[in-house]
1. Please work out the FRET efficiency for the pair E361 and E413, using the Cβ-Cβ distance as r and a Förster radius of 30 Å; give the result to the nearest 0.05.
2. Over the stretch 190-237, what is the mean sequence separation of C-alpha contacts under 8 Å (at least six apart), divided by residue count, expressed as relative contact order in percent?
3. Within the chain, what's the longest run with no GluC sites (Glu not before Pro) in a DSSP loop and at most 10 other beta-carbon atoms within 10 Å? Give the range, please.
4. Once you put a point 7 Å from the Cα of N429 and another 7 Å from the Cα of E375, both along the Cβ direction, what distance in nm separates them?
5. Treat every Asp and Glu Cβ in the stretch 450-566 as -1 and every Lys and Arg Cβ as +1, leave all other atoms uncharged, and give the resulting dipole magnitude about the Cα centre to the nearest 20 debye.
6. If I take R0 = 51 Å and measure r between the Cβ atoms of K254 and Q484 in this structure, what FRET efficiency does the formula 1/(1 + (r/R0)^6) give, to the nearest 0.05?
7. What is the stretch 210-253 by shape, rounded, prolate or oblate, if you read a ≥ b ≥ c off the alpha carbon gyration tensor as root eigenvalues and call it rounded for a/c under 1.5, prolate for a/b larger than b/c, and oblate otherwise?
8. Starting from the Cα-Cα distance between Y30 and R278, subtract it from 0.36 nm times their residue separation and give me the gain in nm to one decimal.
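The values are calculated or read from the model by the stated rules, or taken from the named source; none is laboratory data. Only a predicted model underlies this, so the values are computations on that prediction, with no experimental measurement involved. Counting neighbours? That spans all protein chains shown, and the Cβs are built from the backbone with ideal geometry, glycine included. In case anyone asks, the SASA skips ligands and DNA or RNA and just uses the protein heavy atoms, side chains included. Shrake-Rupley method; radii C 1.70, N 1.55, O 1.52, S 1.80 Å.
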Amino acid sequence: MEPIIEFKNFSFKYRSQVEPTLRDINLKIYPGEKVLIIGPSGSGKSTLASCINGLVPFSYTGDIEGELRIKGEDPQKLGIFGLAKSVGTVLQDTDGQFIGLTVAEDIAFVLENDLVPQEEMKKKVHGIADIVELSSVLSHAPSELSGGQKQRVSMAGVLVDDVDILLFDEPLANLDPATGKRAIALIDEIKKNEKKTILIIEHRLEDALYRDVDRIILIGEGQVVADMTPDELLCSDILEREGIREPLYITALKHAGCTIRPEDHPAGIASMNLVPYREQVQQWFRCVPEAKAQKLGEEVLRVEHLDFSYKQGQPILSDINFSVRKGEMLAIVGKNGAGKTTLSNLICGFDKPDKGTIYLEGQDIAPLTVKERGEQIGVVMQNPNQMISKPMIYEEVALGLTVRGVPEEEIKERVNETLRICGLYPFRNWPVSALSFGQKKRMTIASILVMRPKILILDEPTAGQDYRHYTEIMEFLKRLNEEQGITIIMITHDMHLMLEYTSRAIVIADGKLLAEDTPSAILTDEALADRAYIKKTSLYDLAVACGIDDPTQFVERFIQYERTVR
């Protein structure tokens, strides 16, 4: 069989750079394959994808050596529009991909350009909408949709053109766990039913492996470091060596001293043969001491009987009650559209509650302006583009200090220190427009952290981050929390983050507070996980499969052990 994508001794260097981003790539991808591409930020995986969909060299110019063939053709001869007939790309930032005023118009855009007759166009749009489960929202504006729905609109927009290759750039970055699982399942169904070749670029390896993939290609420093089946890769030490986060159950098995074998199919906890590992896992569980409870300070934030709706009769939040103690790291979790971000907006003063009271250090904050609240409560939004107001990175991070009249020397010291922690110091004199989506995210976190607020609210702080940058940001937040007593509230879909770094979690679904408990208790509650669209941790499945009577305690001890060995 001839490959549908083939790189031969391929190298690419951006015109603005001294060293090539891709070096001597030799890679074949065959029709109908589903391939997962992983690698740390800056490894070259996004550039590899840009070569496949034509952004390199048509949008991003540079020097090419070697050969690339898409369906046997030279992409440079086909042009970007010719390539678009073979390769469809679903971007990480779906908002940047919308054209139409309604979902139907957006899906139909490419058909309109091709002068497809209206009746045929309607038939195709409705057919694709059925495949991606969007038929009920065709008249809605894309901006009204949830993150998962927006992603499916982008998928429909490329599927309607009947392309052979579908390229997904971080499809899970902004989705709740249950919606992410559905997205991966939908991609798998499209691959099988529509006979497409699928390429997925993703940081969340465990979630991406919810459905089988044929191969995993690991890119490191511009080269192919590994090209293996998932079972082979998970039995090696390559992921750890390259700074890629392993699935949690794999890490737990390694902590227990297990040697994992490919024939036991470790690529999925549900399909893995765990019988040979049971005894070692049980022994490890018995040896690890119980986790110690965290000591917390006095109450710093309290929310009482909070109600809010954008439209009368359609409540977004109903009777929300909880408190946060000084020095706590708290997670707010739940499905897309549950009201988590709205709750953050109410605390920060961007919206006013219909009913209820918010107290900061015992004082009702209703009289305080947004600016006055901002002196004590910092917020980092989910979409970095909504926070950026300066063209240069240094200026953007320094802005909050500048407008408050902080001396220039102190600004420089604090900005540079924060940029170092967030991994952006080398780019301090770059324009913001030169940053990737993930880098912009880190920059907006830096712009708030530099203010040193009492409470820091972060909406999806690690979305789109590789494991190294994820760890850097979270360890920095943890140090701020422990050393300076900053209280941190994180709205997140990342169940790993919730387990590893927070002591308590609040679960919101359909505008109601469903649970308030430790992360391990929440992520081992199957009924709650299903109702709130969160994902039960694979550590729970491992504990049950290995015959451990108290899965919650197993998860607690795993997290305690991780903290001691980190």
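1. Values: r = 29 Å, r/R0 = 0.95.
With a Förster radius of 30 Å, E is 0.55.
2. On the way: 30 pairs, mean separation 10.5, N = 48.
After rounding, I find 22 percent.
3. 1-289
4. 3.6
5. Using only the charged Cβ atoms, the result is roughly 380 debye.
6. Working from the Cβ atoms, E equals 0.90.
7. oblate
8. Details: separation 248, 0.36 × 248 = 89.28 nm, distance 3.82 nm.
Full-extension gain reported as 85.5 nm.
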